[in-house]
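Before any comments, here is the structure.
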Amino acid sequence: MRRTLALLALTGAVVGTGFFVPTAAQAAGCASPRLASVTAPATPVVGGTTAVVRADLTCAPRTDVTLAVSSGGSVAAPPRSVRVKAGRIGVAFSVPTKPVARLAAVLIDAQLGGGLIRSGTLRLVPPCPAPQAAAVSLSSATAHSGDRLTGTIRLSCAPTGGPATVTLSAAPASALTVPATVQVPLGSKEAAFTVDAAAVSGRTQAVLTAAVGGHAASASLRVDPGLKNFGGPTWAVGGRGLGVWINLTGSAPEGGTTVALISSSSLVKVPATTSVPSGGLGSTFSVDTLPVRKETPVTLTAKIGTVTRSFTAVLAPEPFDPGSWDLAGPYALLVGTSHEYTVTIANPAPAGGLRVSLTDENGVPWVHLPGEVVIPAGSTSAVFAVDVDEDAPTGWYDGPSITASIFDAAQRTVQPAIIPRVESATGLPETVEGGTSFEVTVNFTSGSERGLSVNFSAVNDRAC
């Protein structure tokens with residue numbers, strides 16, 4: 001005890017079940033101590049034996065002090081008073097008890113002078129040196145593979161000599177997974193444990209057995225095959241049927257197996273339940289979906305017992321048929337200029353418009369085009385610009401490969417060349433005599449590897 005007090009003198013607090021731990025200053029003594037706590041044994045005491053209770057003060061008194069002690073019940077008879085000697089922080093005293101037929105709790109009260117009353121709870125139990133298995137029960141008499149149940153073992157009496165170790169087993173062992181043992185705490189008559197229903201190939205009658213003290217108790221459990229997998233396509237067109245499938249861990253028993261179905265959205269209509277027929281390992285069926293305007297994920301869930309399986313399908317809008325369509329624009333791009341291209345479709349674009357993706361398959365850095373163009377709802381065409389840098393190289397092999405794509409429809413591609421721009425023209429006379437000729441020199445921003453054609457026009461076509 002001296003060693004314990006010396007160690008606990010480091011802090012001043014009530015710890016554990018109420019044992020008061022004084023500081024060094026409190027242990028050194030004071031003139032006016034107060035009652036800090038009354039502590040009864042943490043574990044139940046067998047009725048008819050003597051319990052040891054402790055009372056502690058806030059500090060060690062300089063002279064002896066007397067505590068008044070009483071009991072809240074007739075099954076415990078503490079002394080009417082106990083003395084805490086000078087220099088001591090507390091006192092332990094004996095409390096004789098009477099035999100009890102069941103668990104009983106009684107308060108042991110103490111008071112110093114006219115101060116506060118402190119209490120400790122003394123728990124009494126009947127003597128039970130050798131408890132036996134009285135009964136074992138399960139939270140359900142039926143289960144499906146994958147279900148988790150709660151088992152409860154009940155003893156003939158609450159163990160008083162220490163926790164009771166109960167041995168658990170299942171037959172057939174392949175049908176149930178149970179812990180090898182479960183502990184029933186001191187002073188308690190029962191304890192809970194988990195039971196997992198394992199995968200079975202068909203309906204199986206299993207028996208759970210709990211044994212302790214040379215006696216055993218059993219409970220029966222019917223295990224049916226459970227849900228193994230549930231799935232379907234991860235992408236589907238809204239408004240069309242969606243095929244799904246269910247797999248069981250074994251063959252469905254006589255009468256079949258009922259599977260609950262849940263949809264996260266009203267866009268997919270599933271029945272409340274579906275059945276796997278007797279002897280079947282699974283089933284496939286189709287559920288209805290509603291049309292959507294944009295891609296929308298919907299999660300479907302199947303449930304048997306406590307086991308659920310889910311998958312998510314993305315509903316997409318009905319693919320739009322553009323009809324015949326085309327990509328048109330110039331086949332020659334002048335450096336330093338912007339050019340217009342047009343996407344034209346035969347059928348008017350749907351609500352929300354029609355997105356046409358645009359790419360340059362050649363990836364030339366001196367030509368710039370948008371990533372997409374949108375044909376407005378109800379329209380049949382859209383225009384986009386293609387810009388060419390001023391310093392772009394010229395030639396047939398330096399141009400872009402402009403490609404337009406609509407859904408899965410065939411792509412349309414234009415491969416224009418990049419040509420220099422006319423910079424100036426010299427040699428044009430202000431006046432010319434009819435019937436004579438003259439030379440004109442055309443200057444370009446750069447040369448061309450394949451030559452260039454220049455078109456001339458006159459204000460008066462009779463002059464040329």
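The values are calculated or read from the model by the stated rules, or taken from the named source; none is laboratory data. Note that the structure is predicted; figures quoted are calculated from it, not measured. Cβ placement follows ideal geometry from the backbone for every residue including glycine, while neighbour counts extend to all protein chains displayed. The protein model used for the area step is the full one, side chains on, heavy atoms only, and it has no ligands, DNA or RNA in it. Shrake-Rupley method; radii C 1.70, N 1.55, O 1.52, S 1.80 Å.
A few points about this structure:
- The strands (runs of 3 or more DSSP E) located wholly in segment 128-174 that include 3 or more residues which are crowded, with 16+ Cβ neighbours inside 10 Å occupy 133-138, 148-155, 164-171.
- Among the residues of segment 156-172, the ones that are aliphatic (A, V, I, L, M) and at pLDDT 95 or above come to 4 in all.
- Condition check for Val259: more than 26 Å from the chain's Cα centre (by Cα) and open to solvent by less than 70 Å² (accessible area, probe 1.4 Å): no
- Filtered residues of segment 175-192 (kept if within 29 Å of Thr204 (Cβ to Cβ), among the aliphatic types (A, V, I, L, M) and surrounded by 14 or more Cβ atoms within 10 Å (Cβ to Cβ)): Ala175, Leu176, Val178, Val182, Val184, Ala191
- The listed residue being modelled with pLDDT of 95 or more and polar (S, T, N, Q), out of Ser74, Ser81: Ser81
- Odd one out for Gly239 among (1) touching a residue at least 60 places away in the same chain (Cβ under 8 Å); (2) buried (at least 16 other Cβ atoms within 10 Å of the Cβ); (3) part of a loop (DSSP other than H, G, I, E, B): (2)
- Checking Thr301 against (1) open to solvent by less than 60 Å² (accessible area, probe 1.4 Å); (2) under 18 Å from Val374 (Cα atoms); (3) hydroxyl-bearing (Ser, Thr, Tyr), the condition it does not meet: (2)
- Within segment 191-234, the set of residues being part of a loop (DSSP other than H, G, I, E, B) and within 16 Å of Gly151 (Cα to Cα) comprises just one member, Ala198.
- Highlighted here are the strands (runs of 3 or more DSSP E) found entirely within segment 42-105 that include at least 3 residues which are open to solvent by less than 20 Å² (accessible area, probe 1.4 Å): 50-57, 90-96.
- Test for Arg123: is it modelled with pLDDT of 95 or more and of a type in the set (Lys, Arg): no
- In segment 254-299, the residues that are in contact (Cβ under 8 Å) with a residue 24 or more places away in the chain and acidic (Asp, Glu): Glu254, Asp288
- Counting the residues of segment 182-204 that are within 25 Å of Thr274 (Cα to Cα), among the polar types (S, T, N, Q) and modelled with pLDDT of 95 or more gives 1.
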